[in-house]
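In what follows, a structure is listed as structure tokens, so that the remarks can point back to it.
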Amino acid sequence: MEKSREARSKADVIRSFLAEYQPKLPEARGFLQFLLAKEEILRKLEIVSDLEGCANAILVSAKGSGGWPFFYRRGDRYFFKTSQAVVDLMRFVPQPLCVCLETGAPPWSPERQEFLEMLARWREEVFAEEIARVNRRQDILARIDRALDQGDQDSFLHWSGELRRLESSWH
């Protein structure tokens, strides 16, 4: 049986979301594919951008968005696992069933800005430390090569020990 135009339109929105975004909860991809396979559910879906006032709702958030990863709500019952939502939908499909496919970035706040600045500082510190280690390792390897070329066993043993200490501090 061919899907109605309305069901096809809703299916296109869900397919577009799946093509463009990675759900935060990996199982949510399979859940959305389950919805796509069930025309009786698709006919009752209402695609919305906000779940305010929706007693029966599904939220699937994309990675990088500010939304909760996944939930299904029917009245006052909440399910946070896709498998529970599938079982409930197999028993009864409420109407209307609002679906929100959250893709927006989380709201900006001073705390978020502070957190991102802290992450940038940490990245710079870790990157600088890593560059220093790589440079130090290259210097030690060059000294080991010189000691081998000159047949200097004492220098070789000294710099080989330095290399072992440096590499053990990486792990």
Q) Expressed in nm², what is the orientationally averaged projection area of the convex hull enclosing the Cα positions of region 125-171? A) 3.0 nm²
Q.
If you count only protein heavy atoms and use a 1.4 Å probe, how large is the accessible surface of Leu166, to the nearest 10 Å²?
A. 30 Å²
Q: Taking the convex hull of the Cα atoms, report for region 94-147 its projected area averaged over all directions, in nm².
A: 7.5 nm²
Q: Report the relative contact order of region 32-130, percent, no decimals, based on alpha-carbon pairs under 8 angstrom and at least 6 residues apart.
A: 32 percent
(Q) If you scale each eigenvalue of the Cα gyration tensor by 5 and take the root, what three semi-axes come out for region 32-171, rounded to whole angstrom and sorted largest first? (A) 60, 19, 11
Q: With a 1.4 Å probe and all protein chains in place, put Glu114, Glu27, Glu162, Glu52 in order of accessible area, largest first.
A: Glu52, Glu114, Glu27, Glu162
Q) Given Cα pairs under 8 Å that are at least 6 residues apart, what percent is the relative contact order of the chain? A) 19 percent
Q) How big is region 3-90 on each of its three principal axes, counting only the C-alpha atoms and giving the largest first in Å? A) 30, 29, 24
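The values are calculated or read from the model by the stated rules, or taken from the named source; none is laboratory data. Keep in mind it's a predicted model, so treat the numbers as computed, not measured. All accessible areas refer to the heavy atoms of the entire protein, side chains included, with ligands and DNA or RNA removed. Shrake-Rupley method; radii C 1.70, N 1.55, O 1.52, S 1.80 Å.
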